[in-house]
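The values are calculated or read from the model by the stated rules, or taken from the named source; none is laboratory data. Because the structure is predicted, anything quoted here is derived from the model rather than measured. Cβ placement follows ideal geometry from the backbone for every residue including glycine, while neighbour counts extend to all protein chains displayed.
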Amino acid sequence: MVAQTLHGLEEVLRLELLKLGARDLERHNRAVSFTGDLGFMYKANLCLRTALRILVPLETFEARSPEELYISLREIDWETFMGVKDTFMFRVSLNSTYFGHSQYVAQKAKDALVDRFRDKYGIRPSVDTEDPLLRIHLHINEDRCTLSLDSSGGSLHHRGYRTETNAAPLNEVLAAGMVLLSDWNKRSPLVDPFCGSGTILTEAAMIAANIPPNIHRAQFGFQRWNDFNADLYETIFNGAVDKIIDERPILWGCDINGVTVGKAKETLRNAKLDDVVTIRHCAFADLEPPPDRAGTLIFNPPYGERMDERGINSPSDDESINAMYKMIGDTLKHNWPGWTAWILTSNMEAAKYIKLTPKPKIQLFNGALDCRFLRYEIYAGSRRLTPHPNDPDHQNSERD
């Protein structure tokens, strides 16, 4: 099987799979391959926090032309997996000199499947790109074609707890990956001072209590398959629920946008975590840290591209975005000594105004935005300043 993920989370996913009991683990670009039985496939969909989908390999064959591909796909016993009245869709990924366009390949694949049904039963099944019974993945690497079934039935970042979001929601898989990358110990306080719709805090609360990330998901793709074993899935589900613990660390969030705060609270209510996480309507600069306990801050501040969507500033206003990042740095240094801060941003120029040295800088993608996940140690009694080259204070010190 193959678990797909986001760039930068491959090792996090590998460790998740290892802990869950997978065998023969191998990292790939945005994926981890592994072996496991039917029950493990159910468990992987339910319990993996950083997986986008779980693919079950169906066939591997060679093809060097659309005609060869058509012939091979038409020979597959599709009626084992679906009936003539069921729906399907193909998702194609190409890395091949033999095939030029993924849409054309998807069309040939579709033709092969429906022609088999037409010749055998006189009826053609239909394509449904929204909610098909069967989601079929076709990956072609040169002449090697790998056909897989998507057991998840749509991306696993759709947890089922979020109904309304702010205009720039954070992917749930990315949020969980950020928490796991931070090495937060699940007992010390965790704070998100730009909490948006509350995704980071929701994922952190589920991690702390060992709540399966997809416990609220309405349905997985495999539950509609012909070979779905309801009794086995119930056993897997109940076993995962039995491992939930009553761990309640301090989890705080705040946001300057009152509407967004309301949506964050709704997210937490949907996830049944509103009694675990505290959300405040205030600016980061006005948020007081928990008394006598240092912990971890994890947040996703505006980058500039989405500041207007959060109702803060214009995306073209470099002065405002730089001032915001300077405020972040000043607030960290003055109010949060002893804490560790992790910040996700695509605006590395603005991040220089934090005036702290980040280590490490982990590449992640927030949608199409190339970001860095920056770690800052906030030392008590020391600002550890890294002046921006255009900052007047830095220029004055250079002249002194």
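Numbers at a glance
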read-out: Residue that is nearest to F222 (Cα to Cα) [pool: residues in segment 53-81 that are among the acidic types (D, E) and outside any strand (DSSP E or B)]; value: E79
read-out: Among (1) in contact with a helix residue (DSSP H, G or I) (Cβ under 7 Å, 6 or more places away or on another chain); (2) surrounded by fewer than 18 Cβ atoms within 10 Å (Cβ to Cβ); (3) modelled with pLDDT of 95 or more - the single one E349 does not satisfy; value: (1)
read-out: Residues (over 17 Å from F299 (Cα atoms) and either assigned to a helix (DSSP H, G or I) or in contact (Cβ under 8 Å) with a residue 40 or more places away in the chain (or both)) located in segment 273-286; value: L273, V276
read-out: Considering residues of segment 321-350 that are touching a Phe, Trp or Tyr at 6+ places or on another chain (Cβ under 6 Å) and part of a helix (DSSP H, G or I) only, the residue nearest to P291 (Cα to Cα); value: T331
read-out: Verdict on P289 being surrounded by 14 or more Cβ atoms within 10 Å (Cβ to Cβ), more than 25 Å from the chain's Cα centre (by Cα), in a loop (DSSP other than H, G, I, E, B) and at pLDDT 95 or above; value: yes
read-out: Segment 1-52, subset of a type in the set (K, R) and in a helix (DSSP H, G or I), residue nearest to D227 (Cα to Cα); value: K43
read-out: Failed item, numbered, when T357 is tested on (1) surrounded by 13 or more Cβ atoms within 10 Å (Cβ to Cβ); (2) more than 26 Å from E172 (Cβ to Cβ); (3) at pLDDT 95 or above; value: (1)
read-out: Filter result for the condition that a residue is surrounded by fewer than 17 Cβ atoms within 10 Å (Cβ to Cβ), within 21 Å of the chain's Cα centre (by Cα) and among the basic types (K, R), over K243, K186; value: K186
